[in-house]
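Reviewing the structure listed below.
No value in this document is a laboratory result; all are computed from the given coordinates. As the structure is a computational prediction, the values presented were derived from the model and not from experiment. FYI the Cβ positions are ideal-geometry reconstructions off the backbone, even for glycines, and counts take in every protein chain you see.
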Amino acid sequence: MTQPDRDPGLQPERTRLAWRRTTLSATVAAILAAKTALHGGASAAGLVACAACCVLWLGFLLVAHRRIRDLAVPGRPTALAPRWATGAVLCTVAIALCAAALVV
Amino acid sequence: MIGFVQNVRLWFAPEEVRQEGTTPDYRFSLANERTFLAWLRTALALIGGGFAVDQFLPHLGRSWRIGLALALLGAGVLCSLRAVNHWMRCERAMRRGEDLPVSRFPALLSVVIAVVAVAMVVVVVAGWEG
C-alpha cells in the first residue's frame, strides 16, 4: 500500500498549487490591465498596452507551466532555476510598468 | 545595495549558485520557492490594487488618484524584485549552511500599506463631506 516515491508532506504538490495561485493572481492583474487600457474607447496606445499585458501574461503562464511540469515528475523534483524565477519577476515588473504608463 | 547588485548577476547564472556549498534537502528548496511565490502574489495584488484605484475611484481628484495608483504600483515593483532577491539569498544561505538572512522589508511594506490605507480613509471621508 505504501508508495515510497511519494513525499508524505506533499511538498511538490503544494509548490505546484502555489504556482497555480500565482498564475491566477497574474490573470486578475492582466484582466484589470485590459479593462484600464480599453476604458472609454480603444485608442491606439491603449491597444498596444493591452497587447503588451497579454504577452506578459502569456510569458508568466509559460514560466509557471514549465515549472508545474517539472514538479509533476515522480521522485525528487529539481530546485527552481534562478533564470525562471527572474523571468516571472520581470513579467510582474513589466506589467507594473505598463500599468504606470496607462494610469499617468 | 552592493550586495543587491551582486545578487542580480546570480539571478541569471544558476550554474554559479550550484558551485558553492552543498545541495540542501529538496523540501527546503521547495518551501523557499513557495515563499517566493507568496511574495510574488503580494506584488501582483499591489499591482492589481493600483489598477483598481485608477479604475474604481473615478470621482477622486486626478492627482490623488494617480499618486495612490503609482504608490501601489511602485510597492508592487519593489515587492517583486525583493521576492527574487530574498529567494536567492535564502537559497545561497541554505547551500552554505548559514543562518537565513534577516530582512526589514516586511516591516517596511506593512508601514507603506498602513499609510496608503490611512490615505484612502482620508480621501473617502473628505469625499463624503465635500
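In a loop (DSSP other than H, G, I, E, B) and small (Gly, Ala, Ser), is that true of A:Gly75? Taking the combined requirement at face value, the residue satisfies it. When B:Ser29, B:Ser63 are checked against the criterion of being exposed (fewer than 15 other Cβ atoms within 10 Å of the Cβ) and not acidic (Asp, Glu), a single residue qualifies: B:Ser63. Output the residues belonging to the range B:61-103 that are facing chain A (nearest Cβ under 8 Å), closer than 15 Å to B:Phe28 by Cα and free of Cβ contacts under 8 Å to residues at least 60 places away in the same chain. Within the range B:61-103, just B:Trp87 meets the criteria.
In this entry, B:Gly48 is excluded by the filter for residues that are buried (at least 19 other Cβ atoms within 10 Å of the Cβ), under 10 Å from the mean Cα position of the chain (by Cα) and facing chain A (nearest Cβ under 7 Å).
All told, B:Val17 meets the bar of being in a helix (DSSP H, G or I), in contact with a Leu (Cβ under 8 Å, 6 or more places away or on another chain), more than 25 Å from A:Leu97 (Cβ to Cβ) and among the hydrophobic types (A, V, I, L, M, F, W, C).
Residues in the range B:58-104 that are within 27 Å of B:Ala117 (Cα to Cα) and not in a helix (DSSP H, G or I): B:Pro58, B:His59, B:Leu60, B:Gly61, B:Val102, B:Ser103, B:Arg104. Annotation note: of B:Arg9, B:Arg41, B:Arg27, B:Arg34, the sole residue that is among the basic types (Lys, Arg), more than 9 Å from chain A (Cβ to nearest Cβ) and in a helix (DSSP H, G or I) is B:Arg9.
Would you check which residues across the range B:14-24 are hydroxyl-bearing (Ser, Thr, Tyr) and at the interface with chain A (Cβ under 9 Å from one of its Cβ atoms) and list them? Scanning the range B:14-24 gives a single hit, B:Thr23. Scanning the range A:59-90 for residues that are over 14 Å from the mean Cα position of the chain (by Cα), surrounded by 15 or more Cβ atoms within 10 Å (Cβ to Cβ), of a type in the set (Gly, Ala, Ser) and over 16 Å from B:Arg27 (Cβ atoms) yields a single hit, A:Ala81. Pairs linking a residue in the range A:45-62 that is touching a residue at least 24 places away in the same chain (Cβ under 8 Å) to a residue that is β-branched (Val, Ile, Thr), with Cβ atoms under 7 Å and 6 or more positions apart or on different chains, are A:Cys53/A:Ile95; A:Leu56/A:Ile95; A:Trp57/A:Thr27; A:Phe60/A:Thr23; A:Leu61/A:Thr23.
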